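Here is the structure we will look at, set down as structure tokens.
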Amino acid sequence: MLPAVSRLLFLDVDGVLIPFGGPSGHRHRTFLPAPPPDADNPLLARADPAQGARLLALGCELVWATTWGEEANVSLAPRLGLPPLPVLDEPDRDEPDRDDPDRGAQAGLQWKTEPIVLHAAGRPFVWLDDEIGVADRRWVAAHHPGPALLHVVDPVRGLGEDDLGAIRAEIRGWPAGP
């Protein structure tokens, strides 16, 4: 019997779990009851505390894929009811792309694209972000042998039920985690 393959879900923070809101009638949401605003980051009040349970219900291993790094575990995870999550390391931007001139910033990729594929190691994954581009999609398609959903979240409103519904529908046929 083959072991179960675990599904991964890579999470960005800004624009995904913390909506930006915006001008021209767009409003950000503040969820109550909410923890008191964080003096260092008042935008944390925009995070929906129910998102943690919704994300966990997807049945995926959650991984932070954000410039917040470990700060996401310190400041955001407790507000969402999430345990500490693994953090995708941001690569050293000074290191040249020695082996493949078509990868990295030269190809218009986000810094997260290659590390996500390397971390996934062929396992099915979802990537939630507000800045996934065509180059990212092409690179994942060319370098990742398993199922992958690169889902763009509207940064003005953040992750919503329509996003979660689309994710549930897509991953329904994927191998389940252990």
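Hey, with R₀ at 22 Å, roughly what FRET efficiency would GLU61 and HIS143 work out to, going by the Cβ-Cβ distance, to 0.05?
Efficiency computed from Cβ-Cβ geometry: 0.65.
Tell me, what ³J(HN,Hα) does each residue in the stretch 155-172 have, in order and in whole Hz, if you take phi through Karplus 6.51 cos²θ - 1.76 cosθ + 1.60 with θ = phi - 60° and put x for Gly and Pro?
x, 5, 9, x, 4, x, 4, 5, 5, 4, x, 5, 5, 4, 5, 5, 8, 3
Rounded to whole Hz and in sequence order, give me ³J(HN,Hα) for the stretch 133-147 from the Karplus expression 6.51 cos²θ - 1.76 cosθ + 1.60, θ = phi - 60°, writing x for Gly and Pro.
Each residue of the stretch 133-147 in turn: x, 4, 4, 5, 4, 5, 5, 4, 4, 7, 10, 10, x, x, x Hz.
Would you mind calculating the gained length between ALA169 and GLU70 on full extension (0.36 nm times residue separation, minus the Cα-Cα distance), in nm to one decimal? Before the final figure, lay out the partial values.
Details: separation 99, 0.36 × 99 = 35.64 nm, distance 3.04 nm.
Here the segment from ALA169 to GLU70 would lengthen by 32.6 nm.
Under 13 Å from the Cβ of ILE132, count the other residues' Cβ atoms, weight Lys and Arg +1, Asp and Glu -1, and hand me the total.
-4
Would you pull out the residues with amide H under 5 Å of LEU62's amide H, same chain only if 5 or more places away, H placed 1.01 Å from N?
Amide H neighbours of LEU62, under 5 Å, 5+ apart: LEU9.
Net charge near GLU70, counting Lys/Arg +1 and Asp/Glu -1 over other residues with Cβ under 14 Å of its Cβ?
So the surrounding residues net to -3.
Which residues among the stretch 60-75 fall inside the zone where the amide N is under 15 Å from a point 7 Å beyond the Cα of TRP111, along Cα→Cβ?
Inside the label zone: 64-72.
Throughout, read-outs are computed from the coordinates displayed, never taken from laboratory work. Remember, it's a predicted structure, so these values are computed and weren't measured experimentally. No Cβ is skipped: glycine too gets one built from the backbone with ideal geometry, and neighbour counts run over all protein chains shown.
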